[in-house]
Ligand SMILES: CC(C)(COP(=O)(O)OP(=O)(O)OC[C@H]1O[C@@H](n2cnc3c(N)ncnc32)[C@H](O)[C@@H]1OP(=O)(O)O)[C@@H](O)C(=O)NCCC(=O)NCCS
């Protein structure tokens, strides 16, 4: 099972990604728009994981990190996240942001730290998730924003 193949997402994968996200109550929106920076895990022709980056100038929002339940705890999520971070670095991204409800400890493993909505740079504030969360206080109170500063990372070697 851990042989699942990591590859770029294509239009034909969108409905499978949407199903994975819906099953985990993660937001489903604008997949086609960000498809160039979306990846999937495929096993035996089945899509069992995904993640995506939304790029905003030299910042990015990491989104849609999901692994199907029967494939978890095999470091597939880690492969998805590290691949996205590497791609962000390659594209000159300075800061990666994300929102999570339950995976704060998980993302800490990759160097993400909790931050405040005020820490989001202007470019990222145009994202669908930022606009939704920042305008609904009840939602904001249940969601943790996180930030990975790649520039800081590079300085520390
Ligand atoms: C979060 C998620 C993607 C992790 O996927 P996964 O493939 O099971 O994770 P990995 O196997 O890569 O885990 C790597 C390590 O983190 C640990 N870990 C896994 N889930 C964790 C969690 N929720 N909190 C803390 N640690 C976690 C694993 O035990 C493993 O530890 P190890 O290196 O000591 O063995 C998966 O649980 C998921 O799809 N959750 C629902 C969707 C979600 O919440 N996404 C995040 C918001 S975008």
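The values are calculated or read from the model by the stated rules, or taken from the named source; none is laboratory data. Just so we're clear, the structure is a prediction, and the values are computed from it rather than from any experiment. We place every Cβ from the backbone using ideal geometry, glycine too, and count neighbours over all the protein chains shown.
Go through the range 130-139 residue by residue and tally those that are under 18 Å from the mean Cα position of the chain (by Cα) and under 13 Å from residue 101 (Cα atoms). Total meeting the criteria: 1.
Considering only residues of the range 88-98 that are in contact with a strand residue (DSSP E or B) (Cβ under 8 Å, 6 or more places away or on another chain) and not in a helix (DSSP H, G or I), which is farthest from residue 56 (Cα to Cα)? So the residue we want is 98.
Among the residues of the range 29-87, count how many are part of a loop (DSSP other than H, G, I, E, B) and more than 7 Å from the ligand (Cβ to nearest atom).
Pass one, the range 29-87, residues part of a loop (DSSP other than H, G, I, E, B): 29-34, 44-45, 57-58, 68, 72-75.
From what is left, the residues that are more than 7 Å from the ligand (Cβ to nearest atom) are 29-34, 44-45, 57-58, 68.
Total meeting the criteria: 11.
Looking across the range 99-110, the residues that are near the ligand (Cβ under 6 Å from one of its atoms) and outside any loop (DSSP other than H, G, I, E, B) come down to 100, 105, 106. A Cβ distance below 7 Å, combined with a sequence gap of six or more or placement on separate chains, defines the contacts here; from the range 100-116, residues that are touching a residue at least 40 places away in the same chain (Cβ under 8 Å) and at negative phi reach residues that are more than 6 Å from the ligand (Cβ to nearest atom) and part of a helix (DSSP H, G or I) in the pairs 100/107.
Conditions tested, residue by residue: (1) more than 12 Å from the chain's Cα centre (by Cα); (2) crowded, with 18+ Cβ neighbours inside 10 Å; (3) more than 19 Å from residue 109 (Cβ to Cβ); (4) at pLDDT 95 or above.
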{"residue": "8", "(1), (2), (3), (4)": "yes, no, yes, yes"}
{"residue": "15", "(1), (2), (3), (4)": "yes, no, yes, yes"}
{"residue": "35", "(1), (2), (3), (4)": "yes, no, yes, yes"}
{"residue": "55", "(1), (2), (3), (4)": "no, yes, yes, yes"}
{"residue": "60", "(1), (2), (3), (4)": "no, yes, no, yes"}
{"residue": "78", "(1), (2), (3), (4)": "no, no, no, yes"}
{"residue": "81", "(1), (2), (3), (4)": "no, yes, no, yes"}
